[in-house]
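Encoded as structure tokens, the structure appears first; notes follow it.
The values are calculated or read from the model by the stated rules, or taken from the named source; none is laboratory data. If you're wondering where the values come from, they're calculated on a predicted model, not measured in any experiment. So basically every Cβ, Gly included, is an ideal-geometry build from the backbone, and we count neighbours across all protein chains shown.
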Amino acid sequence: MKLKAPSEQAFSSPLHHPRVATVIGRWLGIAVLVCFLTGLFSHFQQSGPAWLYIPSRPASLYRVTQGLHVLSGIVAVPLLLAKLWTVYPKLFAKLPWPPSRQALTTILERLSILVLVSALALELFIGFLNTLQWYPWPFPFRQTHYALAWIIVGALLVHIAVKLPLIVAHWREQPEPEPEPEPETELVEESGHGSGLSRRGLFRTVAGAGALVGIAAVGQSAPTLGPVAVLAPRKPGIGPQGLPVNRTARDAGVTIVGADWRFTIRGPEQLIYTLDELRALPQSRSDLPIACVEGWSQGAHWEGVRIRDLLTLSGAPPSSRVRVVSLEKEGAYATSELPPQFAADPLTLLALRLNGGDLDLDHGFPARIIAPNRPGVLQTKWVHRLEVLG
Ligand SMILES: Nc1nc2c(c(=O)[nH]1)N[C@H]1C(S)=C(S)[C@@H](COP(=O)(O)O)O[C@H]1N2
Ligand SMILES: [Mo]
């Protein structure tokens, strides 16, 4: 027996319609745009060009942008699935044959959609696994995630340009045309006419699915929704001193920190402090969040010595570029750099205390960096040296 592929016309449900594709495409487009822009911001924070100035305020800006990044990525998943379902009969459309100029355009257009869909599906998939801190692949996550983002944006612009006439024609709702009188009296169920979901019903279902996964995820950065955050690997309030931990001291290879611990600042003058000497310096308080790139965030109360005060003590100007060095031996987060505007910000601390007690070893005991508007990965723990770079 020979199996025959259906033709595009076999899918006659009114839900496989350019109007539906336009409406869901708009939602997906907004989610992708928000995800892209917030992702760029996060990328530039971590490895931006030297000329790019990122302000240290508003203090919670990164918390909001990264929360939106993960939220829009998760909401994009049901939107993408719905969009693909709406347009999948196109897979069975006949290619114009013999090849003509028009056929070439059609093939190129199909290829751009193939690139768009596969890159976006892969992007959302690895992004979601990353929120679970699971990296079952041999490539570096951040660089790959970033490169895919540009491929998606490029392919999306081509897709929108090609479909522009269709998008414009279906941007506004039009009254649905009267169905043609059918020659046969009996309607087959599969034909979709008059049966099943209406367009409005489909839009409600898709919006509902988006809202549901959104609510299940956003609780990792919005504490009031913490209890329903079933998609969140870390929930607010759970962890030592009521704050989640991304990488424990043990995972980072940091063991007991003893009385021989010293803190060094290398400026024009080199100063060395014991922990008690650091505690005897003027202490400041900052209420700042840890906002992890993986999407969870939580505010906390920090106490410690202002970085700008330490810089002044070592004879350096308060707005200096500073290298932060951890006791952690290897790993991408063992060191970080504070740009001058972050070092000078009075909220930026070498924190010794968290939520009213000495730092837990997993939160960076004896000392860590906490600064406003920064990704969690740059809030270096177990700090034992600052180097003034200029
Ligand atoms: N030295 C060092 N500092 C680090 C890390 C690390 O792995 N090593 N992890 C970072 C990450 S990814 C985050 S989100 C924050 C989390 O801080 P917390 O564990 O105190 O909540 O610490 C940051 N500081
Ligand atoms: Mo993080």
Just for segment 311-326: of the residues that are within 14 Å of ligand 1 (Cβ to nearest atom) and buried (at least 16 other Cβ atoms within 10 Å of the Cβ), which one is nearest to E337 (Cα to Cα)?
V324
Restricting to segment 214-241, what's the tally of residues that are part of a helix (DSSP H, G or I) and either within 16 Å of A291 (Cα to Cα) or over 15 Å from the mean Cα position of the chain (by Cα) (or both)?
12
In segment 1-34, anything within 21 Å of the chain's Cα centre (by Cα) and more than 18 Å from A209 (Cα to Cα) is listed as L33, V34
Single residue of I272, I290, I238 found to be within 16 Å of ligand 1 (Cβ to nearest atom) and surrounded by fewer than 13 Cβ atoms within 10 Å (Cβ to Cβ):
I238
Evaluate the following for A121: is it surrounded by 12 or more Cβ atoms within 10 Å (Cβ to Cβ), part of a helix (DSSP H, G or I) and over 16 Å from the mean Cα position of the chain (by Cα)?
no
Do we have G299 as within 16 Å of ligand 2 (Cβ to nearest atom), within 24 Å of P233 (Cβ to Cβ) and over 23 Å from the mean Cα position of the chain (by Cα) here?
no
Run I265 past the list (1) of a type outside the set (S, T, N, Q); (2) more than 16 Å from ligand 2 (Cβ to nearest atom); (3) in contact with a helix residue (DSSP H, G or I) (Cβ under 8 Å, 6 or more places away or on another chain); (4) farther than 15 Å from I369 by Cα and report the number of the one that doesn't hold.
(4)
Flagged in segment 349-371 as part of a loop (DSSP other than H, G, I, E, B), touching a Lys or Arg at 6+ places or on another chain (Cβ under 7 Å) and more than 16 Å from ligand 2 (Cβ to nearest atom), in numbering order, are L359
Checking R308 against (1) in contact with a helix residue (DSSP H, G or I) (Cβ under 9 Å, 6 or more places away or on another chain); (2) away from ligand 1 (no atom under 16 Å from the Cβ); (3) in contact (Cβ under 8 Å) with a residue 60 or more places away in the chain, which test does it fail?
(3)
Please count how many residues of segment 366-382 are under 24 Å from L40 (Cβ atoms) and within 7 Å of ligand 1 (Cβ to nearest atom).
4
Taking A259 and the conditions (1) at pLDDT below 95; (2) near ligand 1 (Cβ under 9 Å from one of its atoms); (3) among the hydrophobic types (A, V, I, L, M, F, W, C), which numbered condition does it fall short on, given that it satisfies the others?
(2)
Restricting to segment 242-269, count the residues that are surrounded by 17 or more Cβ atoms within 10 Å (Cβ to Cβ) and either closer than 22 Å to L61 by Cα or polar (S, T, N, Q) (or both).
4
What are the pairs with Cβ atoms under 8 angstrom where one residue, in segment 363-379, is farther than 17 Å from R247 by Cβ and the other, located anywhere, is of a type outside the set (K, R) and within 13 Å of ligand 2 (Cβ to nearest atom)? Sequence gap at least six, or different chains.
A371/L378; A371/Q379; N373/Y62
